[in-house]
Each structure stands twice: as structure tokens, then as C-alpha cells.
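These notes concern the structure reproduced below.
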Amino acid sequence: MLTLLRKIRKSLIESGSVRRYILYAIGEIALVVIGILIALQINNWNAQQKLRVQEIKMLRSFQKSLKSDLVDLQNKLDASKQIKSSTLILLEHLEQDKPYHDSLAYHFGATTMNWFLFISEAPFETLKSKGLDLISNDSLQQQIVDFYSTSNYFLKLWSEVYRDIITDASKSIL
């Protein structure tokens, strides 16, 4: 292609036709501009594809983290059921004024067990460092921000309230 264009240019210069040479030069410039525009478009498309791949990886990271958090919260919910059961056993024992039995030591220990609820913020921190606009869906992006900006605050608050209740109750019982 380049050799053909060189031959055409050479023949136009040798023939002395300025007008035809200028038209040829404009055509060549137009071809170069079109080639550059096509290359830029391909580059933009490739960049968008890379962003989509990063977005999918980020969303999978959120999914994995939230599943893990859900399992952790379920385990803590199960533990709280055991704590409730031990508390009911102790209350029944105290209300009926039964004598102390060795099995009560386990229940006293279980009722004072402290645990804290939390959501892993690692994926959210990664997203913030890469830029929130990595998530293309604006609604999903806002839901993620709302969830992570409030969830740990309330979980920490509820855990502290629970801890204070247990501490106060254990002081009066023990």
C-alpha cells in the first residue's frame, strides 16, 4: 500500500500538476486521520473491556466477602441462641431458688460470652481506592456505599449495647 502511494505521489510531482498533488495530499492526510481515529476507538474499546473485567472481579469479591460475613453472622446468631438458652436456665434456677449445681458454671460462662458483629470492609476499601465509578450501575454503586457506610456502625452499636447489658446483668447475678 505504501509503495503504491509513493509511486502515485512521485508521478504527480513529476507531471507538474499542483492541483492534483494537493488533492492527493489532502486524501493522504484524511486517510491518516481516519486511521488515527480508528486506532483511538479500538484503544477506548479495549480500555472499557478492561474496566468491565475489573468491575466483575470487584463484584465477585463483594459476593465472596458477603457470603463469608453471612456465615459468620449465622454462627453468631447460633451462639446467641445458646446464650439465650443458658440465660433461661439460670433464670429458672434462680427463680425457683434451687441449690448450686456444677453444670451452672457452664451456663454462667456462656451468658457472659462477648462477641462482636461486623461486616468485612476489605472489598469496599479496595473499591474506594480504585474509584467508586468502577461500578457502572449507579443504583448498585449507591447501595454498596449506603450498606458499607452504615452497617458496621449499627452492628458495632448493637454489639456494645449487648455487651453492656450482659456486663450489667452478670454483675448483679455474680
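Of the chymotrypsin sites (Phe, Trp or Tyr not before Pro) found in the range 69-141, those that fall in a DSSP loop while having at most 11 other beta-carbon atoms within 10 Å are 100.
Put a plus charge on the Cβ of each Lys and Arg, a minus charge on the Cβ of each Asp and Glu, and nothing anywhere else: the dipole of the range 32-174 about its Cα centre is then about 680 debye. With the simple spin-label model, which puts each label point 7 Å out from Cα in the Cβ direction, the residue 4 to residue 39 separation comes to 2.1 nm.
Using the beta-carbon distance between residue 136 and residue 78 and R0 = 35 Å, what value does 1/(1 + (r/R0)^6) give for FRET efficiency, to the nearest 0.05?
Details: r = 38 Å, r/R0 = 1.08.
E between residue 136 and residue 78, to the nearest 0.05, is 0.40.
Among (1) 12.2; (2) 9.5; (3) 16.6, which one is mean projected area of the Cα convex hull in nm² computed from these coordinates? Only one option fits the structure, namely (3). The lysines whose alpha-carbon is closer than 19 Å to the alpha-carbon of residue 84, local same-chain residues fewer than 8 away aside, are 76, 171. Entry note: the range 95-174 has Rg to Rh equal to 1.29, where both radii use alpha-carbon atoms and Rh is the Kirkwood radius. Toward the positive end of the charge dipole of the range 1-111, with +1 on the Cβ of Lys and Arg and -1 on the Cβ of Asp and Glu, the farthest Cα among 87, 15, 35 is that of 15. Share of the range 1-96's accessible area from carbon and sulfur, percent, 1.4 Å? Carbon with sulfur: 65 percent of the solvent-accessible area. The aspartates and glutamates whose alpha-carbon is closer than 16 Å to the alpha-carbon of residue 7, local same-chain residues fewer than 8 away aside, are 28.
Membrane-span-like helices in the chain (whole DSSP H runs, Cα extent of at least 15 Å along the helix axis, mean Kyte-Doolittle hydropathy of at least -0.5): 2-15, 18-95, 138-173.
The values are calculated or read from the model by the stated rules, or taken from the named source; none is laboratory data. The structure displayed is predicted, hence computed values, not measured ones. With ideal geometry, Cβ positions are generated from the backbone for all residues, glycine too; neighbour counts draw on all protein chains shown. Note: accessible area is taken over every heavy atom of the protein model, side chains too, but ligands, DNA and RNA are not part of it. Shrake-Rupley method; radii C 1.70, N 1.55, O 1.52, S 1.80 Å.
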